[in-house]
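Report on the structure given below.
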There are 2 protein chains.
Amino acid sequence: MASVRAHLLTIGDELLSGDIIDKNKAFLGQRCRALGVEVVRATTVRDRRGEIVSALREAADDAQVCLVSGGLGPTTDDLTVASAAAAAGVGLVRHEDLAARLEAFFQSRGRELVEANLRQADLPVGAEVLANPIGTAAGFALTLQGHAGPCVIYSTPGVPREMQLMMREQIEPRLRERFALRPVPRRVYRALGRGESTVQQLVGPVLEAARARSPGLAHMFVHYRARYPEVQLILEATPGPDGDQASAEELASLDRALAEAIGPALYAVAPDEGPPELDALLVPALVERGLTIASAESCTGGGIGFALTSIPGSSATVLGGVISYANQVKIEVLGVPASTLEAHGAVSEPVARAMAEGVRARLGADIGVSTTGIAGPGGGTPEKPVGTVDVAVATADETIYKRLRIHGRRDTVRYASIRWALKLVWDRLGVEVVPRPDRRPPS
Amino acid sequence: MASVRAHLLTIGDELLSGDIIDKNKAFLGQRCRALGVEVVRATTVRDRRGEIVSALREAADDAQVCLVSGGLGPTTDDLTVASAAAAAGVGLVRHEDLAARLEAFFQSRGRELVEANLRQADLPVGAEVLANPIGTAAGFALTLQGHAGPCVIYSTPGVPREMQLMMREQIEPRLRERFALRPVPRRVYRALGRGESTVQQLVGPVLEAARARSPGLAHMFVHYRARYPEVQLILEATPGPDGDQASAEELASLDRALAEAIGPALYAVAPDEGPPELDALLVPALVERGLTIASAESCTGGGIGFALTSIPGSSATVLGGVISYANQVKIEVLGVPASTLEAHGAVSEPVARAMAEGVRARLGADIGVSTTGIAGPGGGTPEKPVGTVDVAVATADETIYKRLRIHGRRDTVRYASIRWALKLVWDRLGVEVVPRPDRRPPS
């Protein structure tokens with residue numbers, strides 16, 4: 001079975017001028033790999049019709065699929081539709097159903113529809129509409145004839161959210177239907193509390209033994225993705241030259257040994273896309289246990305609350321929190337004794353504990369979580385340099401505490417503090433990441 | 001003077017599989033724009049010799065400069081040197097000074113130098129070395145002959161830190177020396193409260209009149225960048241075919257008319273990279289005025305606090321805030337009367353006002369800002385659908401209030417609410433975005 005070759009084409013001046021980092025390219029590449037589609041080239045061109053047409057023609061001559069993102073907006077520098085039509089040698093046709101949808105869309109929002117907006121209802125003749133349930137720019141699929149055969153271009157908006165939904169819901173089913181794709185099973189392990197090279201070292205012997213065990217596992221592709229303070233270990237069952245390929249079950253059979261190797265830093269394992277972020281794990285776990293939570297944040301400035309409340313249904317567990325940026329707020333709202341602040345400073349174990357216990361009591365929550373630290377760039381001292389952050393988690397029976405030493409800039413310090421705080425709460429829940437086969441799950 | 005055309009070429013399987021987001025492309029694009037080098041295309045290819053050679057030849061035929069990143073490591077899938085030599089039709093030559101440097105480098109780290117490492121001392125015949133003071137991979141400059149003339153390729157490592165240093169210290173001086181570069185002035189207008197197509201329509205006549213006024217302005221490039229609820233209008237003084245190019249002053253001369261066209265949605269104007277985000281404008285403006293601020297957040301869950309405290313120095317103005325997710329917190333911590341909640345519901349004008357006034361009083365701030373709304377996906381009613389958000393800003397003299405109707409998913413509703421809340425605070429400061437020439441600035 002020959003593999004399916006794909007080009008990626010991202011369109012927009014802002015991608016070439018560096019105004020925007022091209023994350024769409026990475027997303028599309030990831031999805032293609034999971035599908036078993038081989039991306040051989042990615043091109044980015046400006047919002048110029050001739051340049052877009054050239055790139056589409058080149059893709060048509062080299063690949064069977066071209067995934068396009070960008071240039072579908074209502075303004076005059078949105079040229080993907082006209083360029084695709086020119087590349088195919090066809091004209092445009094107005095889709096009355098799309099026009100009606102645009103009119104309804106604008107009416108429902110009380111906004112005036114101007115003629116430019118209706119351009120978004122025009123597509124190349126022969127194009128198939130790819131619905132966009134969350135935006136005004138419909139996508140489309142259109143077949144170009146290349147030197148070596150047909151190439152289908154799938155055009156999506158540049159807005160990441162819209163592009164991603166269209167890729168998952170509209171394009172991937174079409175690719176699966178059109179081509180005999182062999183998907184690549186994946187398994188993703190998420191850890192917080194160990195560095196990338198440490199994780200690599202810890203799991204090395206486990207993976208080596210696995211490779212020796214079966215020809216499928218021998219060919220699996222292992223990679224590590226780090227976003228400090230988290231590390232992901234990703235196993236991909238890429239096929240070997242003889243077609244040997246590990247199954248999803250074979251990958252999962254490594255869970256127990258990998259969990260033991262990584263230790264308590266490991267917090268979740270899942271196939272394919274992998275486990276969600278910690279906040280998305282934590283909220284349902286809290287709700288399930290009937291626990292409420294409240295945050296007391298200094299250096300993270302509301303980031304823990306914002307992360308937890310990003311999850312739908314979080315109102316069943318999040319009572320709220322206090323952003324106690326100024327010491328006066330720590331004292332007056334959270335009840336941290338002024339003498340404790342005076343004696344130990346705002347970034348100290350006693351203050352972190354008092355904040356977590358204070359917000360727990362003040363808001364009547366089961367769990368209180370606090371952060372106080374030096375995010376930088378100023379404010380560091382030799383004893384407490386920038387990146388010193390104290391985190392505490394208070395429950396009815398005890399308050400746990402951890403001092404972090406984070407290296408990096410202000411946003412890194414804040415981000416890492418939030419993830420660490422969530423991890424400490426997660427650890428308090430005692431979730432078994434990989435249940436032991438010889439034990440019953442806790443009731 | 002014709003502009004200098006450049007291609008960017010990033011090399012590596014990991015860029016096409018989405019394992020790595022291609023930030024090098026954005027960095028190189030930014031530097032080029034600032035230099036006055038016009039990036040017309042970016043290509044990413046795999047670690048395959050034939051594919052790299054093709055991309056280099058295409059660049060040589062279309063551009064005078066090709067900035068290459070990646071493929072300079074010591075392993076067998078690092079093929080940039082061999083590919084560049086093939087594209088130029090030359091062989092490789094070992095640079096003994098680079099070999100000696102590699103040997104010293106390995107020795108100083110107590111690591112064994114293997115033959116593969118010495119490959120990093122081989123460069124195409126005729127290439128000029130670009131020093132890499134912080135890594136083992138030297139870069140190089142090599143001239144290829146294209147259809148329309150010579151094209152210089154500048155090859156850098158894929159490691160961002162090494163690539164960035166090489167670009168700044170080695171490549172940019174060479175580009176300035178080789179070409180008579182003319183930087184492209186830009187002007188960026190940021191607005192919140194008008195959609196992308198509305199902004200386009202409003203400024204249309206102003207831009208049309210400007211184009212008719214001078215040959216430089218006639219060739220300026222106009223684009224719009226939207227991140228709901230914000231829109232940026234960007235003017236770029238790209239040169240016309242006869243070299244006509246608007247100056248930075250000419251672009252700035254449009255400020256007054258554009259500000260009048262866009263109206264109060266416009267909140268900042270700046271040249272080049274444009275104005276920073278609202279939070280980065282707001283914090284220094286508050287500090288300058290000696291004003292303190294506190295937030296009372298329901299649906300935004302801490303996001304306003306997190307945004308404000310992302311700015312270094314925010315502790316001089318941000319006292320903190322209350323995340324009043326549960327009604328009980330609104331009542332007990334913010335002092336919202338239970339009867340008001342009962343009578344009007346949590347998402348209502350009286351509650352938004354009471355929250356802003358309550359947090360202002362409770363924390364002793366000059367300004368209180370509040371949000372209460374339905375972020376979704378659940379919780380909407382016919383009268384108050386998902387996306388209904390009430391925002392209030394309380395100061396000593398008055399409390400202003402606005403009801404938002406945001407369309408989108410939970411994260412969009414929350415993000416837009418935060419930006420709107422910051423915009424309302426910004427508006428309260430009465431900053432004149434474009435000072436009227438006929439008025440003195442307010443004292």
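Just so it is clear, none of the values below were taken in a lab; they were calculated from the coordinates. This is a predicted model, so every value here is computed, not measured. We place every Cβ from the backbone using ideal geometry, glycine too, and count neighbours over all the protein chains shown.
What to note about this one:
- Residues whose placed amide H lies under 5 Å from that of A:GLY158, excluding near-sequence neighbours: A:GLY70, A:GLY71, A:LEU72
- Helix A:196-213 axis, angle to chain A major axis (alpha carbon atoms, nearest 10°): 60 degrees
- The C-alpha atoms of the stretch A:278-429 occupy a region whose extents along the principal axes are 44, 31, 22 Å, arranged from largest to smallest.
- Computed from backbone phi with θ = phi - 60° and the Karplus coefficients 6.51, -1.76 and 1.60, the 3J(HN,Hα) list for the stretch B:78-90 is 9, 10, 5, 4, 4, 5, 5, 4, 5, 5, 8, x, 10 Hz; x is used for glycine and proline.
- Of B:ARG178, B:ARG31, B:ARG48, the one that fluctuates the most in a GNM where chain B has Cα springs shorter than 10 Å: B:ARG178
- Principal axes of the stretch B:198-310: Cα extent on each, largest first, Å: 55, 28, 22
- Neighbour cut-off at most 12 other Cβ (10 Å), DSSP loop, trypsin sites (Lys or Arg not before Pro), the stretch B:379-443: B:ARG439
- Residue of B:GLU357, B:GLU273, B:GLU208 that the Gaussian network model of chain B assigns the largest fluctuation, springs spanning Cα pairs under 10 Å: B:GLU208
- One compactness figure for the protein assembly as shown is 0.99, namely its Cα radius of gyration divided by 2.2 N^0.38 Å.
- Amide N of the stretch A:68-95 lying under 11 Å from the label point, which is placed 7 angstrom from the Cα of A:GLN145 along Cα→Cβ: A:89
- Convex hull volume per residue in cubic angstrom - Cα atoms of chain B: 198 Å³
- Candidates B:LEU102, B:LEU79, B:LEU334, ranked by Gaussian network fluctuation over chain B, Cα under 10 Å, top entry: B:LEU102
- Of A:LYS23/B:LYS402; A:LYS384/B:LYS25; A:LYS423/B:LYS25; A:LYS384/B:LYS23; B:LYS330/B:LYS402, pairs whose Cα-Cα distance is over 29 Å: A:LYS23/B:LYS402; A:LYS384/B:LYS25; A:LYS423/B:LYS25; A:LYS384/B:LYS23
- Considering helices alone, the calculated mean residue ellipticity of chain A at 222 nm is -11000 deg cm²/dmol, with DSSP H runs of length four and up weighted by -39500 (n - 2.57) and normalised per residue.
- Per-residue mean of C-beta atoms belonging to partner chains within 10 Å, peptide B:240-252: 0
- Around the amide H of A:VAL386, modelled in the peptide plane, lie the amide H atoms of A:GLY380, A:THR381, all under 5 Å away and 5 or more residues distant in sequence or on another chain.
- Computed 3J(HN,Hα) for the stretch A:60-72, one whole-Hz value per residue from the Karplus formula 6.51 cos²θ - 1.76 cosθ + 1.60 where θ = phi - 60°, is 4, 7, 10, 9, 9, 9, 10, 9, 10, 9, x, x, 10, glycine and proline marked x.
- Cut-off under 5 Å, modelled amide H: who pairs with B:VAL39 long-range: B:ALA6
- Shown in residue order for the stretch B:356-366 are the 3J(HN,Hα) couplings computed by the Karplus curve 6.51 cos²θ - 1.76 cosθ + 1.60 at θ = phi - 60°: 5, 5, x, 6, 4, 5, 4, 9, x, 9, 6 Hz (x for Gly and Pro).
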